[in-house]
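The values are calculated or read from the model by the stated rules, or taken from the named source; none is laboratory data. Note that this is a predicted model, so its numbers are computed, not measured. For neighbour counting, all protein chains shown are included, and Cβ atoms are generated from backbone atoms with ideal geometry for every residue, glycine included.
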Amino acid sequence: MKRLIFLFAIIPNIFFGQHAIKGTFMPAEDFKALLLYKIEPSKLNYIDNARLKNDGSFELKLDASLAPGMYRLIYALPEEDNNFDIIYNGEEDIELTFDIENGVVYQSSRENKLLASYIHSMSLVQQSLNNYFSKGSQDKDALAAIFKTQKETQENFEAAAMGTLALNFIKANRFYIPDTVEDVKTYMNNIETHFFDHVDFTNEVLQTSNFFNERMFNYVLNMKHEGLDQEANYKRNTDDFYKAMAKAPIKVKEGLLLDLWQYMADEGFEEVANFIAENYLIAIAKAQNNEELVTKLTVFKNISLGHKAPDFSFEVEENGQKVTKKLSDLQISNSYIVVFWSSTCSHCLEQIPQLASFVKTQQEGKIKVVAIGLENIEGPWKRAIKDLPDFIHVFGEDKWDNPIGDTYGVTATPTYFILNRDKEIIARPEEIEDVKAFFESH
């Protein structure tokens, strides 16, 4: 009886303390399921999932025990590109619609509607400023009116957001607003100088969102300085950003700089990526004993274009005897192809014979191939290399745990590196056709 009384006592709390996130994704056929996570400063905590109905509608019940904060809704793969963040204050249901073209629109939820309205209003003010400066207007009264509108809009939204989680974002997003009319050059210089004035990198609500990332990329990628090329701009802006987040917890610094490093690496700005690693990220990783990240950054630097290829030893036969050589010792060609392959890799068995045939068509002394076979057992590799007599062959024992492969960051076969006479890496083609194209154009 006591058990029943207890159950009846808590049932109302379960049913009436619960809120929901519901809405519709369109076009319905483009979406299948949703994942909901609560964002913590350094991780995502899984909360729930839902399959979309045929009309694209869904509903996620939120347990009454869920804490207010930032939540992330993931709607497709890859997860990092197909998501949006939601404010949940623990006091209201959230209803929304979403489509790829227009993004998310909230039908209910004071917090999310308030923040969306703020972003829309400030973007209109910014559009007015862009139009004014792009037209070269000299109407100071018109410019003063725009700045006045910007200031009033900011202050009105801050007042309206008092007591909400949205206020954290509204205050942090406040841009420089001059007290007097400024010419475009002075205004842009002040925008740069005061870009992070209102961003509190110790704010835990902001830490559980994409806000810092968006602010970082906006600054690093878009701030231009006279006399500097693109990569020099990126480096200077990274220095500025690092100073701005001086008070941020070390995990926040690591996460932001790693995202920036990854962007530069993916976009081919290897010099900038290595600048970030050498000046900031490696030291941060070491301070946290994050050896995996230190290794990742170091390997990337070592195989960046323009760097000397990591050296390694191998045996060759000279005058009937086996002699140990190093890659750096080779003086037999104008260029070298270091290729990691495997006798058990079907893709390799298709491409490596093509590589051998292509090299034979080139002038003698132009290309020498050093082929590292990443293998678990030696037998199949020994049989396979009999058909490739012109290569220098290296047995890469233990396959994915092979020291040479690890030094070159190899995670798939075949992987190609093209070196010049001085063993500097000058290209990293992905496929055999890319190898051919490189030499045909050089």
(request) Pick out the one residue from D139, D81 that is at pLDDT below 95, farther than 30 Å from V184 by Cα and out of contact with any Asp or Glu (no Cβ under 7 Å at 6 or more places or on another chain). (result) D81
(message) Against the definition (outside the structural domain of A371 (by TED's automatic domain parsing), of a type in the set (D, E) and either surrounded by fewer than 16 Cβ atoms within 10 Å (Cβ to Cβ) or in contact with a Leu (Cβ under 8 Å, 6 or more places away or on another chain) (or both)), how does E291 come out, yes or no?
(response) yes
(message) Condition first: of a type in the set (D, E) and at pLDDT 95 or above. Now tell me which residues in region 209-258 satisfy that.
(response) E214, D229, E231, D239, D240, E254
(request) Could you please give the count of residues in region 262-292 that are touching a residue at least 24 places away in the same chain (Cβ under 8 Å), among the charged types (D, E, K, R) and touching a helix residue (DSSP H, G or I) at 6+ places or on another chain (Cβ under 7 Å)? (result) 1
(message) On the basis of being surrounded by fewer than 20 Cβ atoms within 10 Å (Cβ to Cβ) and more than 17 Å from K326 (Cα to Cα), does E375 make the cut?
(response) no
(request) Tell me which residues, restricted to region 150-163, are more than 24 Å from I87 (Cα to Cα) and surrounded by 15 or more Cβ atoms within 10 Å (Cβ to Cβ). (result) Q150, K151
(message) Condition check: among the hydrophobic types (A, V, I, L, M, F, W, C), without any contact (Cβ under 8 Å) to a residue 24 or more places away in the chain and either surrounded by 14 or more Cβ atoms within 10 Å (Cβ to Cβ) or under 19 Å from E214 (Cβ atoms) (or both). Does A142 satisfy that?
(response) no
(message) Looking for something at pLDDT below 95 and not hydroxyl-bearing (S, T, Y) - is there at least one such residue anywhere in region 152-167?
(response) no
(request) Answer yes or no as to whether D93 is closer than 15 Å to A20 by Cβ and at pLDDT below 95. (result) no
(message) Against the condition closer than 30 Å to L52 by Cβ, assigned by TED's automatic domain parsing to the domain that holds Y219, hydrophobic (A, V, I, L, M, F, W, C) and assigned to a helix (DSSP H, G or I), how does I146 come out, does it pass?
(response) no
(message) For the condition closer than 19 Å to A427 by Cα and touching a Phe, Trp or Tyr at 6+ places or on another chain (Cβ under 9 Å), what is the one hit in A277, A248, A265?
(response) A265
(request) Would you kindly identify the strands (runs of 3 or more DSSP E) lying entirely within region 253-356 that contain at least 3 residues that are among the hydrophobic types (A, V, I, L, M, F, W, C)? (result) 335-341
(message) Any residue that is over 30 Å from Y263 (Cβ atoms) and of a type in the set (K, R) - is there at least one of those in region 325-333?
(response) yes
(message) Considering only residues that are part of a strand (DSSP E or B), of a type outside the set (A, V, I, L, M, F, W, C) and surrounded by 15 or more Cβ atoms within 10 Å (Cβ to Cβ), which ones fall in region 60-78?
(response) G69, Y71, R72
(request) Determine which member of the set G69, G90 is touching a Phe, Trp or Tyr at 6+ places or on another chain (Cβ under 8 Å), among the small types (G, A, S) and outside the structural domain of K185 (by TED's automatic domain parsing). (result) G69
